[in-house]
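Data block below; observations after.
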Amino acid sequence: MERIHVSVRARPVSPEEAKTSPWKISSNSIFISNQPAFKFDRIYRQDCKTIDVYEARTKEIVSATVRGFNGTVLAYGQTNSGKTHTMRGSTIEPGIISLAVHDLFDIISQDTSREYLLRMSYLEIYNENINDLLDPLNRKLQIHENLEKGVFVAGLREDIVDSPQQVLELMESGESHRHIGETNMNHYSSRSHTIFRMIFVKQIIESREKTRDEGVGNVCDAVSVSVLNVVDLAGSERAAKTGAEGVRLKEGTHINKSLMTLGTVIKKLSEGVENQGGHIPYRDSKLTRILQPALGGNANTAIICNITLALIHVNETKSSLQFASRALRVTNCAHVNEILTDTALLKRQSKEIKELRSKLKRTINEIQIEYLKAKLGEDGLPDEAKSNYLVYGVVGNAHWNENVIIREPEANIVVKQLTDKVHFFFSLLTTGTTIKVASLSSIRLFYLTFDMFRPKDKQAGNRKVFTGAKSY
């Protein structure tokens, strides 16, 4: 379980706005005088660079995606707070998407033991309709869910890509189809939420020499499928400030409604409603439905909350910080999304069995050595400590899946029995008697018991023959 990583990035303001700003930043806290402070994982001041924001957490999420974990990075904030700049960047300062794409291909190029297939898609949610930005004619797509894919958008175009340049060119093409508009607060205002997505299919390839020895061709030990989402949300806005009318007002209404649902989902998750059997309204919005795995589900998630410190936007900034503060209390459970064929599963289980057998042999040898050392007094323990050490060491390590309870009176009896057997063992050694120890040939079928070193009735001339393990 790992909680959502939340950072805050302040947008640069003019010198006049800086003088009147009521906000103060101290380390990773931001506050207004005489009011409670908001604390986050990281707070970036107005002079920070996007690469600093990227390397704090997003870089790690990108790397984990290549290893098979789902990842989501989400930019949240009011309109004109710098979300699109953070995600897309500029020719001078690359954004999160560009940095992530280049990192992904760098990591893949250094890994020669695996084969990768990369696909990308780019969609927008405009007025609660899902549109494919890579295919402008592909509109009003539907959300589906199944056991194999989880939550997905049916009919969404996914292009196979093999270089960072190809990915960024496709994204630029898709961006030209995005709905944007002008308001009183922003000349280039995003009127829709966008989700840039990369899908990774990774195959682990056996070496040619090994597979040739086994009489088979190259085979995949496992296949993992992971998804990286980079989400640029449209900003929340107030019609009184944006001057929105007609189409712009309708767009703003849908934007605010979906962001309100996102806030409700985050609030309920932060309060543990789902763990108490309560309902989380993921389906109330297309946005939260698509992002469901990233919100309390199977993904590594980071939220970058963009704010402005200007006095005129103090209420919107406070609202954004409250959302981000709740998101800090949301936990996800990310795991590798791995698919195993029957052949691959058998190979993996065989490998685990070999490792367990080896570990079992080492454990038995250690138990026997420690037992003898304790009885010989080589460990320097007092007698009472030796007794407890023997009982809990030998019994605790040797009996798997058995409810063995040794009480104090019983412990003395057991230790005495073991002592007698060890004395017998050494008497055989001093007389040159041959000792045969039975092989532990199958894991979980043989257990070390208190019958170790017990002499049998078999005779071989003048020599005693006995076994060191008992099978069940």
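Points worth noting:
- Condition met for ALA75 (surrounded by fewer than 21 Cβ atoms within 10 Å (Cβ to Cβ), at pLDDT 95 or above and assigned by TED's automatic domain parsing to the domain that holds CYS333): no
- Subset of segment 43-59 [charged (D, E, K, R) and surrounded by fewer than 17 Cβ atoms within 10 Å (Cβ to Cβ)]: ARG45, ASP47, LYS49, ASP52, GLU55, LYS59
- Those residues of segment 284-321 which are in contact (Cβ under 8 Å) with a residue 40 or more places away in the chain and among the polar types (S, T, N, Q), in sequence order: SER285, GLN292, ASN298, ASN300, THR301, ASN306, THR308, THR317, SER319, SER320
- Positions within segment 277-331 being under 19 Å from ALA234 (Cα atoms) and small (Gly, Ala, Ser), in sequence order: SER285, ALA294, ALA302, SER319, SER320, ALA324, ALA327
- Checking each residue in segment 17-32 for being in contact with a strand residue (DSSP E or B) (Cβ under 7 Å, 6 or more places away or on another chain) and outside any strand (DSSP E or B) picks out PRO22, ASN28.
- Condition met for GLN165 (modelled with pLDDT of 90 or more and closer than 24 Å to TYR116 by Cβ): yes
- Filter result for the condition that a residue is touching a helix residue (DSSP H, G or I) at 6+ places or on another chain (Cβ under 6 Å) and buried (at least 22 other Cβ atoms within 10 Å of the Cβ), over THR317, THR288: THR288
- Single residue of segment 93-132 satisfying the filter (under 16 Å from PRO164 (Cβ atoms) and among the small types (Gly, Ala, Ser)) that is surrounded by the most Cβ atoms within 10 Å (Cβ to Cβ): ALA100
- Taking segment 312-342 as the range and being touching a strand residue (DSSP E or B) at 6+ places or on another chain (Cβ under 9 Å) and of a type in the set (A, V, I, L, M, F, W, C) as the test, the residues that pass are VAL314, LEU321, PHE323, ALA324, ALA327, LEU328, VAL330, CYS333, ALA334, VAL336, ILE339, LEU340.
- Residues satisfying the stated conditions in segment 31-50, i.e. farther than 19 Å from SER81 by Cα and under 23 Å from the mean Cα position of the chain (by Cα): ASP41
- The helices (runs of 4 or more DSSP H) found entirely in segment 195-279 that carry 2 or more residues being among the polar types (S, T, N, Q), closer than 22 Å to PHE152 by Cβ and at pLDDT 80 or above are 247-270.
- The test for being in contact (Cβ under 8 Å) with a residue 40 or more places away in the chain and assigned by TED's automatic domain parsing to the domain that holds ASP111 holds for ALA18.
- Applying the condition of being free of Cβ contacts under 8 Å to residues at least 60 places away in the same chain and surrounded by 18 or more Cβ atoms within 10 Å (Cβ to Cβ) to segment 263-279 and asking which residue is nearest to THR194 (Cα to Cα) yields VAL265.
The values are calculated or read from the model by the stated rules, or taken from the named source; none is laboratory data. A quick note: this is a predicted structure, and the numbers were derived from the prediction, not measured. Here the Cβ is made from the backbone with ideal geometry for all residues, glycine too, and neighbour counts use every protein chain on show.
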